[in-house]
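The values are calculated or read from the model by the stated rules, or taken from the named source; none is laboratory data. Computed from a predicted structure; not experimentally measured. Here the Cβ positions follow ideal geometry from the backbone for every residue, glycine too, while neighbour counts run over all protein chains shown. Quick note on the areas: whole protein, heavy atoms, side chains included, nothing else; ligands and nucleic acids left out. Shrake-Rupley method; radii C 1.70, N 1.55, O 1.52, S 1.80 Å.
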Amino acid sequence: MERYLNIMIILVFLSGIVSCNEDKVFEREQYKVVFALVSDDDHNIFSVEHDLDEPESVGYIAASCGGTNPTDKDINVTIVQAVEPFDKYNKDNFDVEETKFAQRLPAGKFDIDSYNFTISAGGRSGRMAVRVRPDGLSPDSVYFIPLKVDEYSAYELNPDKSDVLYRVLIKNRYATQASTVNYTLRGTRDGVNVMGVKQMHPISNNQIRIMAGTDAFQADVNTINNNCIIVTVGADNRVTISPFKNITVEQLDGDPDFPNIFKVEDDGFNLYKTFLLSYKYTLGGTTYTMKEELRLKLEEKEKAKFNL
(Lines give C-alpha, C1' and ligand atoms only; values in the text may rest on other atoms or scores of the structure.)
Protein backbone atom coordinates (compact mmCIF):
# COMPACT_ATOMS: atom_id res chain seq x y z
CA MET A 1 0.00 0.00 0.00
CA GLU A 2 2.83 2.37 0.95
CA ARG A 3 4.59 1.54 -2.37
CA TYR A 4 1.39 2.33 -4.27
CA LEU A 5 1.05 5.70 -2.50
CA ASN A 6 4.67 6.58 -3.33
CA ILE A 7 4.06 5.83 -7.00
CA MET A 8 0.95 8.01 -7.00
CA ILE A 9 2.86 10.88 -5.38
CA ILE A 10 5.61 10.60 -8.02
CA LEU A 11 3.07 10.57 -10.87
CA VAL A 12 1.29 13.63 -9.51
CA PHE A 13 4.66 15.38 -9.16
CA LEU A 14 5.69 14.51 -12.74
CA SER A 15 2.28 15.60 -14.02
CA GLY A 16 2.78 18.95 -12.37
CA ILE A 17 6.17 19.36 -14.04
CA VAL A 18 4.73 18.52 -17.49
CA SER A 19 1.82 20.87 -16.94
CA CYS A 20 4.17 23.62 -15.85
CA ASN A 21 6.37 23.12 -18.94
CA GLU A 22 3.32 23.19 -21.20
CA ASP A 23 2.18 26.41 -19.60
CA LYS A 24 5.60 27.98 -20.19
CA VAL A 25 5.58 26.91 -23.84
CA PHE A 26 2.08 28.30 -24.30
CA GLU A 27 3.09 31.52 -22.60
CA ARG A 28 6.16 31.88 -24.85
CA GLU A 29 4.03 31.34 -27.96
CA GLN A 30 1.35 33.72 -26.71
CA TYR A 31 3.76 36.56 -26.05
CA LYS A 32 6.03 35.99 -29.07
CA VAL A 33 5.84 38.73 -31.72
CA VAL A 34 5.23 37.31 -35.20
CA PHE A 35 4.30 39.41 -38.20
CA ALA A 36 2.66 38.36 -41.46
CA LEU A 37 1.55 39.79 -44.79
CA VAL A 38 -2.21 40.22 -44.85
CA SER A 39 -4.04 37.93 -47.30
CA ASP A 40 -6.71 35.27 -47.46
CA ASP A 41 -5.92 31.62 -46.81
CA ASP A 42 -6.09 30.44 -50.43
CA HIS A 43 -2.68 30.99 -52.06
CA ASN A 44 -2.25 34.20 -50.01
CA ILE A 45 -4.35 36.33 -52.38
CA PHE A 46 -5.12 39.92 -51.43
CA SER A 47 -7.75 41.43 -53.77
CA VAL A 48 -8.22 45.16 -54.34
CA GLU A 49 -10.80 46.83 -56.59
CA HIS A 50 -9.43 49.60 -58.80
CA ASP A 51 -11.94 52.02 -60.30
CA LEU A 52 -11.89 52.58 -64.06
CA ASP A 53 -13.25 56.08 -63.38
CA GLU A 54 -9.81 56.94 -62.02
CA PRO A 55 -6.74 56.92 -64.33
CA GLU A 56 -4.68 55.79 -61.35
CA SER A 57 -5.69 54.55 -57.91
CA VAL A 58 -3.78 53.34 -54.87
CA GLY A 59 -4.01 50.03 -53.05
CA TYR A 60 -1.83 48.68 -50.26
CA ILE A 61 0.16 45.62 -49.25
CA ALA A 62 -0.27 45.34 -45.49
CA ALA A 63 1.44 43.46 -42.68
CA SER A 64 0.22 42.87 -39.15
CA CYS A 65 1.71 41.63 -35.88
CA GLY A 66 0.43 38.88 -33.61
CA GLY A 67 1.30 38.28 -29.95
CA THR A 68 0.04 39.64 -26.67
CA ASN A 69 2.86 42.10 -25.98
CA PRO A 70 3.39 45.26 -28.06
CA THR A 71 6.59 45.59 -30.05
CA ASP A 72 9.40 47.60 -28.48
CA LYS A 73 11.33 48.25 -31.69
CA ASP A 74 10.61 49.00 -35.33
CA ILE A 75 10.24 46.18 -37.84
CA ASN A 76 11.71 47.37 -41.13
CA VAL A 77 10.46 45.21 -43.98
CA THR A 78 11.74 44.92 -47.55
CA ILE A 79 9.46 43.42 -50.22
CA VAL A 80 10.51 42.07 -53.63
CA GLN A 81 8.61 40.81 -56.65
CA ALA A 82 8.65 37.01 -56.68
CA VAL A 83 7.66 34.50 -59.34
CA GLU A 84 7.37 31.47 -57.02
CA PRO A 85 3.90 32.14 -55.48
CA PHE A 86 2.57 33.12 -58.91
CA ASP A 87 3.81 29.91 -60.56
CA LYS A 88 2.49 27.84 -57.66
CA TYR A 89 -0.99 29.38 -58.04
CA ASN A 90 -1.15 28.49 -61.74
CA LYS A 91 0.28 25.02 -61.22
CA ASP A 92 -2.07 24.16 -58.35
CA ASN A 93 -5.17 25.47 -60.10
CA PHE A 94 -4.60 24.70 -63.78
CA ASP A 95 -1.60 22.35 -64.03
CA VAL A 96 -0.63 22.58 -67.72
CA GLU A 97 -3.78 24.33 -69.03
CA GLU A 98 -1.91 27.51 -69.88
CA THR A 99 -4.91 29.18 -71.51
CA LYS A 100 -6.47 29.40 -68.04
CA PHE A 101 -3.37 30.78 -66.29
CA ALA A 102 -3.48 33.98 -64.29
CA GLN A 103 -1.35 36.80 -65.66
CA ARG A 104 1.24 38.99 -64.02
CA LEU A 105 0.02 42.58 -64.11
CA PRO A 106 1.97 44.29 -66.93
CA ALA A 107 4.78 46.52 -65.69
CA GLY A 108 3.26 49.55 -67.39
CA LYS A 109 0.08 49.18 -65.37
CA PHE A 110 1.50 49.75 -61.89
CA ASP A 111 4.22 51.41 -59.85
CA ILE A 112 5.55 50.70 -56.38
CA ASP A 113 7.48 53.77 -55.31
CA SER A 114 9.14 52.04 -52.38
CA TYR A 115 9.46 48.34 -51.59
CA ASN A 116 10.19 49.16 -47.94
CA PHE A 117 7.82 49.85 -45.08
CA THR A 118 7.92 49.87 -41.28
CA ILE A 119 5.79 48.44 -38.52
CA SER A 120 6.58 51.05 -35.88
CA ALA A 121 7.50 50.14 -32.32
CA GLY A 122 4.33 49.78 -30.28
CA GLY A 123 2.27 49.44 -33.45
CA ARG A 124 0.50 46.47 -34.96
CA SER A 125 0.62 47.10 -38.69
CA GLY A 126 2.41 48.68 -41.62
CA ARG A 127 1.74 48.99 -45.31
CA MET A 128 3.22 49.65 -48.73
CA ALA A 129 1.44 51.58 -51.51
CA VAL A 130 0.73 50.14 -54.96
CA ARG A 131 -0.32 52.57 -57.71
CA VAL A 132 -2.40 50.90 -60.42
CA ARG A 133 -3.59 52.16 -63.82
CA PRO A 134 -6.50 49.80 -64.61
CA ASP A 135 -7.65 51.12 -68.00
CA GLY A 136 -7.37 48.42 -70.67
CA LEU A 137 -7.41 45.46 -68.30
CA SER A 138 -9.79 42.63 -69.18
CA PRO A 139 -12.62 41.49 -66.88
CA ASP A 140 -11.97 37.95 -68.11
CA SER A 141 -8.38 37.78 -66.82
CA VAL A 142 -6.88 37.29 -63.38
CA TYR A 143 -4.07 39.78 -62.75
CA PHE A 144 -1.53 39.44 -59.93
CA ILE A 145 1.45 41.34 -58.63
CA PRO A 146 3.35 38.53 -56.84
CA LEU A 147 5.43 39.74 -53.89
CA LYS A 148 7.30 38.32 -50.92
CA VAL A 149 9.25 39.49 -47.88
CA ASP A 150 12.97 39.64 -48.70
CA GLU A 151 14.38 41.07 -45.47
CA TYR A 152 13.15 42.24 -42.08
CA SER A 153 14.92 43.77 -39.12
CA ALA A 154 13.33 42.30 -36.01
CA TYR A 155 11.15 39.61 -34.45
CA GLU A 156 9.77 36.70 -36.47
CA LEU A 157 8.01 36.29 -39.82
CA ASN A 158 5.21 33.76 -40.26
CA PRO A 159 6.62 31.52 -43.03
CA ASP A 160 3.13 30.68 -44.30
CA LYS A 161 2.33 34.36 -44.76
CA SER A 162 5.63 35.60 -46.14
CA ASP A 163 4.32 36.19 -49.67
CA VAL A 164 1.21 37.67 -51.25
CA LEU A 165 -0.54 37.68 -54.61
CA TYR A 166 -1.91 41.20 -54.96
CA ARG A 167 -4.91 40.77 -57.24
CA VAL A 168 -6.11 43.74 -59.27
CA LEU A 169 -9.89 43.78 -59.82
CA ILE A 170 -11.54 46.36 -62.08
CA LYS A 171 -14.86 48.14 -61.63
CA ASN A 172 -16.89 51.04 -62.96
CA ARG A 173 -20.18 52.57 -61.83
CA TYR A 174 -22.22 49.88 -63.58
CA ALA A 175 -20.40 46.62 -62.79
CA THR A 176 -17.43 45.09 -60.98
CA GLN A 177 -15.08 42.18 -61.51
CA ALA A 178 -15.13 41.42 -57.77
CA SER A 179 -18.49 39.66 -57.89
CA THR A 180 -21.11 38.44 -60.35
CA VAL A 181 -23.28 41.41 -61.34
CA ASN A 182 -26.69 40.29 -62.61
CA TYR A 183 -29.17 42.87 -63.85
CA THR A 184 -32.82 41.85 -63.99
CA LEU A 185 -33.89 41.46 -67.63
CA ARG A 186 -37.37 42.33 -68.90
CA GLY A 187 -38.33 42.85 -72.52
CA THR A 188 -39.07 41.14 -75.82
CA ARG A 189 -37.19 39.16 -78.43
CA ASP A 190 -38.92 39.24 -81.81
CA GLY A 191 -42.04 40.44 -80.02
CA VAL A 192 -42.12 37.57 -77.52
CA ASN A 193 -41.90 38.52 -73.83
CA VAL A 194 -38.68 37.51 -72.11
CA MET A 195 -37.53 37.71 -68.52
CA GLY A 196 -34.42 36.65 -66.69
CA VAL A 197 -31.05 38.07 -65.62
CA LYS A 198 -28.13 39.39 -67.60
CA GLN A 199 -24.54 39.36 -66.36
CA MET A 200 -22.63 42.60 -66.84
CA HIS A 201 -18.86 43.18 -66.98
CA PRO A 202 -16.88 46.44 -66.76
CA ILE A 203 -14.74 47.29 -69.81
CA SER A 204 -13.78 50.94 -69.37
CA ASN A 205 -14.97 53.86 -67.29
CA ASN A 206 -18.14 54.25 -69.43
CA GLN A 207 -18.43 50.85 -71.13
CA ILE A 208 -19.93 47.54 -70.08
CA ARG A 209 -20.19 44.21 -71.87
CA ILE A 210 -23.25 41.97 -72.00
CA MET A 211 -24.43 38.96 -73.96
CA ALA A 212 -26.72 39.83 -76.87
CA GLY A 213 -30.25 38.51 -76.56
CA THR A 214 -31.27 36.09 -73.84
CA ASP A 215 -28.45 33.52 -73.72
CA ALA A 216 -26.71 33.12 -70.35
CA PHE A 217 -23.11 34.28 -70.06
CA GLN A 218 -20.42 31.61 -70.34
CA ALA A 219 -16.79 32.24 -69.40
CA ASP A 220 -15.63 30.83 -72.71
CA VAL A 221 -13.48 32.76 -75.20
CA ASN A 222 -15.51 31.75 -78.26
CA THR A 223 -18.82 32.59 -76.60
CA ILE A 224 -17.53 35.96 -75.41
CA ASN A 225 -16.04 36.87 -78.78
CA ASN A 226 -19.04 35.74 -80.83
CA ASN A 227 -22.03 36.60 -78.62
CA CYS A 228 -21.19 39.75 -76.66
CA ILE A 229 -21.94 43.41 -77.31
CA ILE A 230 -20.58 46.63 -75.82
CA VAL A 231 -22.82 49.32 -74.32
CA THR A 232 -21.15 52.75 -74.13
CA VAL A 233 -22.78 55.40 -71.92
CA GLY A 234 -22.33 58.98 -73.10
CA ALA A 235 -22.10 62.11 -70.98
CA ASP A 236 -25.81 62.68 -71.65
CA ASN A 237 -26.62 59.08 -70.56
CA ARG A 238 -27.55 58.07 -74.10
CA VAL A 239 -25.98 54.76 -75.03
CA THR A 240 -24.26 53.40 -78.10
CA ILE A 241 -24.44 49.66 -78.83
CA SER A 242 -21.57 48.06 -80.75
CA PRO A 243 -20.07 44.58 -81.25
CA PHE A 244 -17.51 43.32 -78.74
CA LYS A 245 -15.71 41.16 -81.31
CA ASN A 246 -17.37 39.09 -84.01
CA ILE A 247 -21.10 39.55 -83.59
CA THR A 248 -23.21 41.61 -86.02
CA VAL A 249 -25.33 44.16 -84.15
CA GLU A 250 -27.38 47.20 -85.19
CA GLN A 251 -28.71 49.77 -82.75
CA LEU A 252 -32.41 50.62 -83.22
CA ASP A 253 -33.34 54.15 -82.18
CA GLY A 254 -36.78 55.76 -81.99
CA ASP A 255 -38.63 53.42 -79.63
CA PRO A 256 -40.07 55.56 -76.79
CA ASP A 257 -40.18 52.58 -74.42
CA PHE A 258 -36.62 51.43 -75.15
CA PRO A 259 -34.84 54.64 -76.21
CA ASN A 260 -31.23 53.42 -75.72
CA ILE A 261 -30.51 55.33 -72.55
CA PHE A 262 -29.14 54.77 -69.06
CA LYS A 263 -30.93 56.31 -66.09
CA VAL A 264 -31.30 56.05 -62.35
CA GLU A 265 -34.98 55.63 -61.54
CA ASP A 266 -36.91 55.81 -58.29
CA ASP A 267 -39.83 53.43 -57.72
CA GLY A 268 -40.80 55.17 -54.48
CA PHE A 269 -38.87 52.69 -52.34
CA ASN A 270 -35.49 52.16 -54.00
CA LEU A 271 -33.24 53.60 -56.67
CA TYR A 272 -32.32 51.44 -59.66
CA LYS A 273 -29.60 51.58 -62.28
CA THR A 274 -31.54 51.04 -65.50
CA PHE A 275 -30.62 50.46 -69.14
CA LEU A 276 -33.33 50.63 -71.83
CA LEU A 277 -31.90 49.07 -75.00
CA SER A 278 -33.14 48.31 -78.51
CA TYR A 279 -31.06 46.53 -81.15
CA LYS A 280 -30.90 43.80 -83.80
CA TYR A 281 -28.23 41.10 -83.73
CA THR A 282 -27.34 38.12 -85.89
CA LEU A 283 -26.22 34.71 -84.63
CA GLY A 284 -25.88 31.55 -86.68
CA GLY A 285 -27.37 33.26 -89.70
CA THR A 286 -30.54 34.30 -87.85
CA THR A 287 -31.33 37.92 -87.00
CA TYR A 288 -33.24 38.78 -83.83
CA THR A 289 -34.78 42.03 -82.60
CA MET A 290 -34.19 42.67 -78.91
CA LYS A 291 -35.83 45.28 -76.69
CA GLU A 292 -34.73 45.05 -73.08
CA GLU A 293 -34.78 46.74 -69.72
CA LEU A 294 -31.81 45.90 -67.49
CA ARG A 295 -32.30 46.89 -63.85
CA LEU A 296 -30.19 46.69 -60.67
CA LYS A 297 -30.76 48.23 -57.26
CA LEU A 298 -28.49 51.20 -56.57
CA GLU A 299 -26.74 50.82 -53.22
CA GLU A 300 -26.46 53.74 -50.79
CA LYS A 301 -22.66 53.83 -51.14
CA GLU A 302 -23.00 54.26 -54.93
CA LYS A 303 -25.10 57.45 -54.85
CA ALA A 304 -22.12 59.79 -55.04
CA LYS A 305 -21.05 58.16 -58.30
CA PHE A 306 -24.29 59.39 -59.87
CA ASN A 307 -24.31 62.79 -58.11
CA LEU A 308 -27.29 61.79 -55.99
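Probe of 1.4 angstrom, ligands and nucleic acids ignored: what's the accessible area per residue over the stretch 206-266, in square angstrom?
Normalised by residue count, the accessible surface of the stretch 206-266 is 50 Å².
In Å and from the alpha-carbon atoms only, list the Rg and Dmax of the stretch 103-231.
Expressed in Å, the Cα Rg and Dmax of the stretch 103-231 come to 20.7, 71.
For the stretch 188-242 and the stretch 256-276, write down the distance between their C-alpha centroids in whole Å.
16 Å
From the helices alone, meaning DSSP H stretches of at least four residues, give me the mean residue ellipticity at 222 nm for the chain, per-run term -39500 (n - 2.57), in deg cm²/dmol to the nearest 500.
The helix contribution divided over the chain gives -5000 deg cm²/dmol.
Could you work out what % of the accessible surface of the chain is carbon and sulfur, using a 1.4 angstrom probe and leaving DNA, RNA and ligands out of the count?
49 percent
Mind checking the angle between helix 2-31 and the chain's longest principal axis? C-alpha axes, 0 to 90 degrees, to the nearest 10.
Helix 2-31 and the main axis of the chain meet at about 50 degrees.
In the neighborhood of Asp163, defined by Cβ-to-Cβ distances under 12 Å, what is the net charge if each Lys or Arg adds +1 and each Asp or Glu adds -1?
Net charge in that neighbourhood comes out at -1.
Could you tell me which of Leu157, Asn246, Leu294 has its Cα farthest along the dipole of the chain towards the positive end, charges placed at Cβ (Lys, Arg +1; Asp, Glu -1), taken about the Cα centre?
Positive-most Cα among the choices belongs to Leu294.
Nearest 10 degrees, 0 to 90: what angle lies between the long axis of helix 84-94 and the longest principal axis of the chain (Cα atoms)?
It works out to around 60 degrees.
State the answer as a single residue: which of Ser125, Tyr279, Thr71 lies farthest towards the positive end of the charge dipole of the chain, with beta carbon charges of +1 for Lys and Arg and -1 for Asp and Glu, about the Cα centre.
Most positive-ward Cα: Tyr279.
Under a cut-off of 29 Å between alpha-carbon atoms, report the lysines in cross-link reach of Lys263, not counting same-chain residues fewer than 8 places apart.
Lys263 reaches Lys171, Lys198, Lys245, Lys273, Lys280, Lys291, Lys297, Lys301, Lys303, Lys305.
Choose one of Tyr60, Ala82, Val142: the residue whose Cα lies farthest towards the positive end of the charge dipole of the stretch 59-160 (beta-carbon charges +1 Lys, Arg; -1 Asp, Glu; about the Cα centre).
The Cα lying farthest towards the positive end belongs to Tyr60.
What is the ratio of the Cα radius of gyration of the chain to 2.2 N^0.38 Å, where N is its residue count, to two decimals?
1.44
Counting pairwise Cα distances across the stretch 22-143, what percent come out greater than 27 angstrom?
Counting every Cα pair in the stretch 22-143, those more than 27 Å apart make up 34 percent.
Shape verdict for the stretch 183-308, please, from the Cα gyration tensor: rounded (a/c under 1.5), prolate (a/b greater than b/c) or oblate.
Prolate is the answer for the stretch 183-308, as a/c is 1.5 or above and a/b outweighs b/c.
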